[in-house]
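Since every read-out is calculated from the coordinates, none of them should be taken as a lab result. The model shown is predicted, which means the values in this text are computed figures rather than measured ones. Quick reminder, even Gly has a Cβ in these numbers, built from the backbone with ideal geometry, and neighbours come from all protein chains shown.
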């Protein structure tokens with residue numbers, strides 16, 4: 001049974017690689033069942049890319065979504081890009097992670113939110129990071145290299161390289177001794 005599933009996954013991955021007009025597509029791409037891709041021409045995929053079941057990659061007409069080499073994305077993740085989202089090489093993204101460089105406006109709390117202008121700011125996630133289950137990364141955030149973001153964290157501001165962050169909002173709870 002596992003051999004059949006592997007063959008089906010390989011056929012699906014090759015179909016997506018051939019049919020979707022990605023801006024750049026590396027070698028050895030794996031797409032699990034139910035993956036949705038919007039505006040592939042604004043999405044760049046590195047080598048050894050893997051995306052789990054029921055995940056979404058969405059770039060607007062003006063967006064630029066770049067996923068480095070050996071990026072692995074878990075199940076039911078949502079990555080949205082209106083401006084720019086960049087995810088560095090060898091980054092792992094657990095299940096149910098939400099990353100979006102845009103959010104609804106909320107400047108006027110007396111006006112319905114859907115009537116307010118959306119706010120977009122680029123997101124950059126460094127090399128060798130690990131985003132735990134249910135993490136949310138909000139617009140305008142830069143996460144340095146080799147950062148572990150704990151499960152259920154909401155990243156609302158920049159995180160330096162070589163640290164562990166957790167909580168709502170995410171705060172650094174541990175720094176590398178060798179990189180201080």
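Observations on the model:
- Label sites at residue 133 and residue 47, each approximated as a point 7 angstrom past Cα along Cα to Cβ, lie 3.3 nm apart.
- Considering only 85, 97, 19, the mean-square fluctuation computed in a Gaussian network model of the chain, springs between alpha carbons under 10 angstrom, is largest for 19.
- A helix-only calculation puts the chain at -3500 deg cm²/dmol for mean residue ellipticity at 222 nm, using -39500 (n - 2.57) for each DSSP H run of at least four residues, averaged over all residues.
- Tensor-based shape of the chain (alpha-carbon gyration tensor, a/c under 1.5 rounded, otherwise prolate or oblate): oblate
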